[in-house]
Amino acid sequence: MSDDKQRLRDTAERLALILAQGGMQKTNARVMTALLFSQQETLTAAELCEELRISSGAVSGAVKQLTPIGLLERVPTPGSRLDHYRFTDGAWAKLMGQQNQLLATMSSVAQEGMTASGGPDTAAGRRMREMEDFYGFIQREVGPLIDRWRTEFAAKGDTASGLAPR
């Protein structure tokens, strides 16, 4: 393996480790980063198995978990019967946008907790009010922030913002 390719692979593995430490399953993180750091547009499951030295079942499981959340996608390849996968354009914005539902849920639970605890003047109520304020604020800010990023990224002429087809 060339030094450049090894350095790229090491960086991908470092990011996978960081993602795993943050709660992502290790195999999912490794498959995702292999596609993210690949110099090829797509990789087959067999190529992922070979590069990562993992089983086809492990790759299949990762694909099944990463595809619905928009981090990777199956790509038709003319003349090939094999499934090809790639890291999805605009994945970061899609992923962050999906967090809005979690933020809304956290805010709602905090509101319920504040009511159940006897209101904002109780010890638990004060904590719940802070939680509701925080998640409500973040939820209001995330959508416009992603929109600003997409506009800025598109202005650079990149198509990975999700605004233009590949």
Where the accessible area of the chain is counted over protein heavy atoms with a 1.4 Å probe, how much of it, in %, is carbon and sulfur? 54 percent
For helix 91-116, what angle does its Cα long axis make with the longest principal axis of the chain, in degrees from 0 to 90 and rounded to 10? 20 degrees
Could I get the Rg over Rh figure for the range 100-154? Both from C-alpha atoms, Rh via Kirkwood, rounded to two places. 1.20
Heavy-atom accessible area order for L102, L48, largest first, 1.4 Å probe: L102, L48
Taking the chain as a Gaussian network, Cα atoms linked when under 10 Å apart, which of A116, A45, A155 shows the biggest mean-square fluctuation? A116
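Restricting to Cα pairs below 8 Å that are 6+ residues apart, what does the relative contact order work out to for the chain? Please round to a whole percent. Each step should come with its number before you reach the end.
Values: 183 pairs, mean separation 25.3, N = 166.
Relative contact order comes out at 15 percent.
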Treating every alpha carbon of the range 22-159 as one equal point scatterer without solvent, the Debye formula yields log10 I(q)/I(0) values at q = 0.16 Å⁻¹ of -0.89
Can you tell me the dipole magnitude for the chain around its Cα centre, using point charges on the Cβ only (Lys, Arg +1; Asp, Glu -1), in Debye to the nearest 20? 200 debye
What spacing in nm lies between the two simple spin-label points modelled at E112 and Q21, each 7 Å away from Cα in the Cβ direction? 3.4 nm
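Express the accessible area of the chain per residue in Å², computed with a 1.4 Å probe while the remaining protein chains stay in the model.
Per-residue value: 64 Å².
The values are calculated or read from the model by the stated rules, or taken from the named source; none is laboratory data. Bear in mind the structure is a predicted one, so any value in this text is a computation, not a measurement. Glycine also receives a Cβ, built like all others from the backbone with ideal geometry; neighbour counts cover every protein chain displayed. Each accessible area value is taken on the protein alone, full model and side chains, heavy atoms only, with ligands, DNA and RNA left out. Shrake-Rupley method; radii C 1.70, N 1.55, O 1.52, S 1.80 Å.
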